[in-house]
Ligand code: FEO
Ligand code: CA
Ligand code: CA
């Protein structure tokens, strides 16, 4: 029998629901990654007193100052720049010999009537401009050019006080506060502007005669938003789970939200991840005065609050269909007369071709339904299945792999290859091996008798299927990347403050679990279709005292970091690591205070050396990184500058950061920065 208060809490109102992200929804009893890692390092005798102590906190600060581990001093041939120090300033720093410019800040016009940015822009105008809160990003070269291409970027969420800064001037607002009218409803144009500031931006950008990069008006320029019609493809298409008033046959839905990281397919399309979509919905169905949510809502943390977890879009005054669909309560006589199933049309990877501006984006359901951080493809092999990986970023969730049934054929294969195959979930064994467990009908106990009716049911309830088969609970899997030269896969595990608190209370005062780590794995013959792999920890992040690389070193002052999030391996195997320690400002004094502002580092996979390359302004996280094919121009995003500003600061007109406009009258804006090396060389070399 269910305990409704235990099983169906409103996760989005819980104290661990941070800046719009990552509710803990997994209450299952599978082993956690720290237990596995601890046993792993003990068995190997790996860095006795080093990794094991860091993983478990057994030695506390005993390592400090004893020279127990060598510093990371190996000179790397890959990393040719002088690292930048930790920064506490509201600015951008890059190594000596590099230059930076801002491109495509929130609100810059890219399509339609090309309305200029203003804090007073309407909802419709926002639909023709770059969205807010930039995240995953890719550069698609036009005719192979490294000076002319399409930049495609996600917009993860929005900050209402900045989006509506003109209207909310003088109000005491925190960064997540939403304004409701006296009648408890929301202004329609504010809702429209919020929907249009979400989604994906596509714009052409090219290098100008003076060396700078500019947005170019072009037929490819496009906004994909919360209102864009999308096709549902794969096994969930047409199933009872996704039939709605909008699409009674369960083949279509509208929009995408919380697009965190992304992926690029071997056939050249873009995929946007739907991460923390659950909080956008409200389900107030009750039984005996207790929440009565179906498992496909409850396990993902769909809000039971009448206002929803985030923006209350379903409370738009007009009651228009495109707004009220975020009410996932059963309001009609059947599922095709309301939007009880709307949340089941979210939680996927969304594919579209940036070179076809009229194309309908497609939700690829066979890659699973969860809080997708992003997706990363293994290098395509002619005649072999397509393989990709995706992390579920919430505390104690999992890492997944998809292997297609069909085989890759260059020039022929398209996204439909992702509609049939097998979804797997990772189990990390104590001995440094790992295995992929199939989430498919009849396999590993996923049968109707055990509550999984068919493949569509397994996929809509991916998390529950992964619980059932005993997958390894991870510390918030964020981005992944594949080293194109070695075939090794890297995943960032950003932090897990919940586990930290439990362990601190029980054993010792270490706080390393606030800092995260990066896991990597490899296959025999670099064959990504295999069911088993070998893994190790590339780095356990932290301060000099609290970190360790796989090579047995600690991080140096110039390489220490916490909370890895974005990660991308470039063509020469440089690993770019971006940090999201939250919206830290200059007055921050918590456990991450030694790390300064969020930024980006570069690592050498062979030596484990890590050097800080970039620091960003106050309040932002650094996310999204790609270079042009020649490696000489790098694009990086800063998301939510000023996010740390208090309600009192905001009321007084101090929005927390002057980035990027340098004008206190203009709200801080998420933006892309373009990094070049003054000598014209490859970035990082
Ligand atoms: Fe949206 Fe998990 O970062
Ligand atoms: Ca992220
Ligand atoms: Ca993050």
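The values are calculated or read from the model by the stated rules, or taken from the named source; none is laboratory data. A quick note: this is a predicted structure, and the numbers were derived from the prediction, not measured. As a convention, Cβ positions derive from the backbone with ideal geometry for all residues, glycine included, and neighbour counts pool all protein chains shown.
Results, tabulated for the structure shown:
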| item | result |
| --- | --- |
| Set 139, 157: member being within 16 Å of ligand 3 (Cβ to nearest atom) and either at pLDDT 95 or above or within 23 Å of residue 226 (Cα to Cα) (or both) | 157 |
| Residues of the range 647-659 classified as in contact (Cβ under 8 Å) with a residue 40 or more places away in the chain and assigned to a loop (DSSP other than H, G, I, E, B), total | 6 |
| Residue among 231, 275 that is in contact with a strand residue (DSSP E or B) (Cβ under 7 Å, 6 or more places away or on another chain), within 16 Å of ligand 1 (Cβ to nearest atom) and closer than 14 Å to residue 363 by Cα | 275 |
| Count of residues meeting criterion [within 30 Å of residue 220 (Cβ to Cβ), away from ligand 2 (no atom under 16 Å from the Cβ) and crowded, with 19+ Cβ neighbours inside 10 Å] in the range 265-291 | 5 |
| Hey, residue 390 in a strand (DSSP E or B) and more than 30 Å from residue 496 (Cα to Cα) or not | no |
| Residue within the range 398-421 that is within 20 Å of the chain's Cα centre (by Cα) and within 16 Å of ligand 3 (Cβ to nearest atom) present | yes |
| Leading residue by the ranking (nearest to ligand 2 (Cβ to nearest atom)) among those in the range 538-589 that are in contact with a helix residue (DSSP H, G or I) (Cβ under 7 Å, 6 or more places away or on another chain) and part of a strand (DSSP E or B) | 561 |
| So residue 375, is it touching a helix residue (DSSP H, G or I) at 6+ places or on another chain (Cβ under 7 Å), under 19 Å from residue 624 (Cα atoms) and in contact (Cβ under 8 Å) with a residue 60 or more places away in the chain | yes |
| Conditions (1) assigned to a loop (DSSP other than H, G, I, E, B); (2) touching a strand residue (DSSP E or B) at 6+ places or on another chain (Cβ under 9 Å); (3) surrounded by fewer than 24 Cβ atoms within 10 Å (Cβ to Cβ): number failed by residue 674 | (1) |
| Residue 148 vs. criteria surrounded by fewer than 22 Cβ atoms within 10 Å (Cβ to Cβ) and within 23 Å of residue 308 (Cβ to Cβ) | no |
| Members of the range 361-387 that are assigned to a loop (DSSP other than H, G, I, E, B) and within 15 Å of ligand 3 (Cβ to nearest atom) | 371, 373, 374 |
| Test: residue 456 is more than 16 Å from ligand 3 (Cβ to nearest atom), in contact with a helix residue (DSSP H, G or I) (Cβ under 9 Å, 6 or more places away or on another chain), part of a loop (DSSP other than H, G, I, E, B) and modelled with pLDDT of 95 or more | no |
| Candidate set from the range 422-461 (those that are within 25 Å of the chain's Cα centre (by Cα) and over 27 Å from residue 278 (Cβ atoms)); member that is surrounded by the most Cβ atoms within 10 Å (Cβ to Cβ) | 434 |
| Candidates 464, 418 - the one that is surrounded by 19 or more Cβ atoms within 10 Å (Cβ to Cβ), touching a strand residue (DSSP E or B) at 6+ places or on another chain (Cβ under 7 Å), at pLDDT 95 or above and not in a loop (DSSP other than H, G, I, E, B) | 418 |
| Within the range 230-262, tally of residues that are within 16 Å of ligand 2 (Cβ to nearest atom) and on the phi > 0 side of the Ramachandran plot | 1 |
| Residues located in the range 467-499, provided they are out of contact with any strand residue (DSSP E or B) (no Cβ under 6 Å at 6 or more places or on another chain) and assigned to a helix (DSSP H, G or I) | 467, 468, 497, 499 |
| Single residue of the range 393-415 satisfying the filter (part of a strand (DSSP E or B), crowded, with 19+ Cβ neighbours inside 10 Å and away from ligand 2 (no atom under 16 Å from the Cβ)) that is modelled with the lowest pLDDT | 396 |
| Answer from 361, 385 - the residue that is touching a strand residue (DSSP E or B) at 6+ places or on another chain (Cβ under 6 Å), at pLDDT 95 or above and over 21 Å from residue 482 (Cα atoms) | 361 |
| Matching residues, the range 114-127, being within 23 Å of residue 208 (Cα to Cα) and either out of contact with any strand residue (DSSP E or B) (no Cβ under 8 Å at 6 or more places or on another chain) or touching a residue at least 12 places away in the same chain (Cβ under 8 Å) (or both) | 114, 115, 117 |
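Matching residues to (1) at pLDDT 95 or above; (2) assigned to a strand (DSSP E or B); (3) within 13 Å of ligand 3 (Cβ to nearest atom):
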position	(1), (2), (3)
591	no, no, no
607	yes, no, no
614	yes, yes, no
625	yes, yes, no
634	yes, yes, no
645	yes, no, no
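So that you can scan it fast, the table gives a plain yes or no per residue for (1) modelled with pLDDT of 95 or more; (2) farther than 23 Å from residue 685 by Cα; (3) not in a strand (DSSP E or B):
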site	(1), (2), (3)
79	yes, no, yes
84	yes, no, yes
91	yes, yes, yes
117	yes, yes, yes
152	yes, yes, no
